[in-house]
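Undergrad: Below are the structure tokens for one structure; questions will follow.
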Amino acid sequence: MSVVGIIAEYNPFHSGHEFLLNQARLVAGKDPIIVLMSGNYVQRGEIAIMDKWSRAKAALKSGADLVLEVPFSTTVEPADLFAWGNIEALKKLGAETLVFGVEDANLNFAYLGKKIAEIPPNHMDFRDYSQTYSTQYNQMVANEVGYEVNQPNAILGLAYAVANHNLGSPLSLHPINRIGAGHDDLLNRNGMVQSASAIRNLLQHGENKAQLKAWLPKEEAAALAKQELYPSWNTLFPFLKYRLESESITDLRQIYQMSEGLEYKMKQEIHQARDFAEFLQHVKSKRYTYSRLRRLSLYALLNVTQEDMLASFNHESLTVLGFSKTGRQYLKDHRKDFAIELVSKVDKRNSKQGSLGLQVRVDRLFEQIMHVDQNFGQRPIEV
């Protein structure tokens, strides 16, 4: 058996993702492709543009066999923790190969991951407050391994490689060259593959949606075209403003990753900011990346505390969003062997436990905004 794992956001699912699934099928053959997908919030600290069930359905229709929701406590984290949580989950699910898209598939990710993992801990003690942690980390990696990696998917691929090495190399790494637009490229209406960020930008700015069908699966393009609201930080900003202005400094200090006096800075700057972009610009310093500040803003908005994250880490589970016939058979044959709990139905008995409890709670805001139930009453999609 050659079970293939993919780690994804599909925000939204587009033709580039279809291409990667097709490449994964060449590796898996008749064996299952397992997709670990972010839920209604994604790694860079943003709300997803489309609900998790719709995105999972698009992936299943395009060749995925089993789509599982990554817990919020793993999804909304820096790349190293995001990679660790996902690689560990794939290991527990019996996956043997990780297929992932990068700008240059010729890089020896396994070798680079091993070299980075072996860097002495004292080389990781970054105290230059004039640069972000990620900038210092990338510079240190370049100095140690003799190769500078600065493209977003390659950086994430390296995080997968380091996590895989540190977990005993349970997965073989199979990078695939991305096609079409780069990760954050602007919209090119003549291109067959657009970046997910370009598609989100088109939708959020109310531009002509007729061309969506050229870049997305037909069913998903139609669903997105009919959607009335495309959530973003512009949608969330009034809620964040209320939270930061109404909470005490003591309570804000309990928020996960709130450190180094950021609670004072955020509370000070939110009052005058006219939108989220302006707020981030005022809070931003050379010490923090925009991604770090977006994640922190999301924790604050959703009132995610250190205690919440610890409880989630101590009891992590994966929600089954959907499966094909092959995926259903794989669950039937191997579920008892998995070293992680899978949840097929959210109910009163499990909705307050660990990572699922946190997931249900943070999804409440998404439900209020989008008017679509995300957990209770939902059953895995079958294709």
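The values are calculated or read from the model by the stated rules, or taken from the named source; none is laboratory data. Given the structure is predicted, the values throughout are model-derived calculations rather than measurements. All Cβ positions, even for glycine, are placed from backbone atoms using ideal geometry, and neighbour counts span all protein chains on display. Heavy atoms of the whole protein, side chains included, go into the accessibility calculation; ligands, DNA and RNA do not. Shrake-Rupley method; radii C 1.70, N 1.55, O 1.52, S 1.80 Å.
Undergrad: Under 19 Å Cα to Cα from K267, which aspartates and glutamates show up? Leave out anything in the same chain fewer than 8 places away.
TA: Within the straight-line limit of under 19 Å, K267 reaches these aspartates and glutamates: E245, E247, D251, D275, E278.
Undergrad: So which lysines can K332 reach, going by Cα to Cα under 29 Å and dropping same-chain residues fewer than 8 places off?
TA: Qualifying lysines at Cα under 29 Å: K30, K52, K57, K61, K91, K92, K345, K348, K352.
Undergrad: K352 to I249: extension gain in nm, 0.36 nm per residue of separation minus the Cα-Cα distance?
TA: Result: 34.4 nm gained on full extension.
Undergrad: Mind giving me the FRET efficiency for T135 and L310? R0 is 25 Å, r the Cβ-Cβ distance, nearest 0.05 is fine. Mind dumping the intermediate values first?
TA: Numbers: r = 29 Å, r/R0 = 1.15.
Taking R0 as 25 Å, the efficiency between T135 and L310 is 0.30.
Undergrad: Still on this structure, I have one more. When the Karplus curve 6.51 cos²θ - 1.76 cosθ + 1.60 is applied with θ = phi - 60°, which whole-Hz ³J(HN,Hα) does each residue of the stretch 359-374 get, with x for Gly and Pro?
TA: 4, 4, 5, 6, 5, 4, 5, 4, 5, 5, 7, 9, 6, 9, 4, 10
Undergrad: Ranked from highest to lowest mean number of other Cβ atoms within 10 Å per residue, what is the order of the peptides 33-39, 195-201?
TA: On the way: 33-39: 25.7, 195-201: 20.4.
Packing order, densest peptide first, comes out as 33-39, 195-201.
Undergrad: Moving on. Using only the Cα atoms of the chain, build the gyration tensor, take square roots of its eigenvalues as a ≥ b ≥ c, and label the shape rounded, prolate or oblate: rounded if a/c is under 1.5, else prolate if a/b is larger than b/c, else oblate. Numbers along the way, then the final one.
TA: Values: a/c = 1.29, a/b = 1.13, b/c = 1.14.
In terms of gyration-tensor shape, rounded.
Undergrad: At 1.4 Å probe size, with no ligands or nucleic acids counted, give the accessible surface of V383 in Å², nearest ten.
TA: Approximately 70 Å² for this residue.
Undergrad: Then there is this: Let me check something: with ligands and nucleic acids excluded, how do E103, E69 order by accessible area (1.4 Å probe), largest to smallest? Please list the in-between numbers first.
TA: Numbers: E103 60, E69 5 Å².
Final ranking, largest accessible area leading: E103, E69.
Undergrad: Still on this structure: Students often forget the sequence filter, so: which lysines lie under 16 Å Cα-Cα from K114 once same-chain residues fewer than 8 apart are removed?
TA: none
Undergrad: How much of the accessible area of the stretch 282-367, in percent, comes from carbon and sulfur atoms when a 1.4 Å probe is used? Could the numbers behind the result be given before it?
TA: Details: 2040 of 4130 Å².
Carbon with sulfur: 49 percent of the solvent-accessible area.
Undergrad: At what distance in nm do the modelled label points of A110 and Y147 sit from each other, each positioned 7 Å from its Cα along Cα→Cβ?
TA: 1.4 nm
Undergrad: Then there is this: Rounded to the nearest 20 Debye, what is the dipole magnitude of the chain about its Cα centre when Lys and Arg each give +1 and Asp and Glu each give -1 at the C-beta? Before the final figure, lay out each step's value.
TA: Working: 43 positive and 43 negative charges, 157 e Å.
So the dipole magnitude of the chain works out to roughly 760 debye.
Undergrad: Sticking with this structure for a sec: Once the Cβ-Cβ distance between D337 and N22 is put in as r, and R0 is 35 Å, what FRET efficiency do you end up with, to the nearest 0.05?
TA: 0.75
Undergrad: Need one word for the stretch 222-348: rounded, prolate or oblate. Basis is the Cα gyration tensor (sqrt eigenvalues a ≥ b ≥ c); a/c below 1.5 gives rounded, then a/b vs b/c decides. Could you put the intermediate results ahead of the total?
TA: On the way: a/c = 2.81, a/b = 1.75, b/c = 1.61.
Verdict is prolate for the stretch 222-348.
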